[in-house]
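A short write-up of the structure that comes next.
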Amino acid sequence: MDADVLKAISVSSLHQVAPNSLRKLLAGAQRKDIPARTVTHREGDTNPHLELVVSGVVRVFVRDPDGRTMTIRYCRSGSLLGAASLFASKFSLPASLQTLTATKLLSLSPENVRQIVNEDSKVAVALLEELSQRVLTFIYEIPDSAFASVRQRMARHLLDLASELASEHVRAGPKLDTELVVTASQSELAEAVGTAREVVVRILRELRHEGIVHTGRTGIVILDPARLVQETRWNIGS
């Protein structure tokens, strides 16, 4: 196994699987290099799949009848995608998946994974833990989506994107600039947080006037990450 795959596994739910079972689990797995902004799975897909994010960022999003979208999960290195599709009867994907940056995935064989689950209880436990974490994550997302303002959701999305890009720069070499910069367009930001482009323009203007961000040709530079983090917090009583 390549070093980057091993590193992703070490921070995934599969880290507890014994080496012999891990080798069987990954037998026949295929690496995929996916360009940024590619939809890899669409809502309603019924094909079973299990993919490990080796590098990059994938967002899981839902779309309303008017075409607006809302991101409900961000997936980075070590994230597993599609575990529920292996065991749910009459599975239909409830959301779509899209790469936000150039992404490397390791696609495992669904049939192979099911077989190893029956042979090794530690593999079964690992996937149970993954599924349990996904349930908790989506439950936590309900108040974030229902009660958080568009400004709060946008602050969170900006931090997520900027943090990933900064991490890529650090991995590439210490001489590269590691300031927090987001290169997504206003339309892409609006789609990610489920609002109109005009609202994004207004919020960016507010954040710029408050000295939290700077906008220019190179993108959105986060000048005050601490204040932007504060923007992501919501209180029921506020």
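Values as computed for the structure displayed
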{"read-out": "Heavy atoms of Thr232 accessible to a 1.4 Å probe, total area in Å² rounded to 10", "value": "40"}
{"read-out": "Most positive-pole-ward Cα, Ser77, Gly194, Leu207, against dipole of the chain from beta carbon charges", "value": "Leu207"}
{"read-out": "Charge dipole (debye, nearest 20) of the chain; +1 at Cβ of Lys and Arg, -1 at Cβ of Asp and Glu", "value": "140"}
{"read-out": "Scattering curve values for segment 1-79, log₁₀ I(q)/I(0), Debye with Cα scatterers, q = 0.25 Å⁻¹", "value": "-1.35"}
{"read-out": "Extension gain (nm, one decimal) between Thr137 and Phe91, 0.36 nm per residue minus Cα-Cα", "value": "14.6 nm"}
{"read-out": "Whole-Å distance, taken between Cα centres, linking segment 184-202 and segment 79-136", "value": "31"}
{"read-out": "Candidates Asp33, Asp66, Asp160, ranked by Gaussian network fluctuation over the chain, Cα under 10 Å, top entry", "value": "Asp66"}
{"read-out": "Computed Rg/Rh of the chain, alpha carbon atoms with Kirkwood Rh", "value": "0.99"}
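The values are calculated or read from the model by the stated rules, or taken from the named source; none is laboratory data. Predicted model only: the values in this text are computed from it and were never measured. Note: ideal-geometry Cβ built from the backbone for every residue, glycine included; neighbour counts use all protein chains shown. Heavy atoms of the whole protein, side chains included, go into the accessibility calculation; ligands, DNA and RNA do not. Shrake-Rupley method; radii C 1.70, N 1.55, O 1.52, S 1.80 Å.
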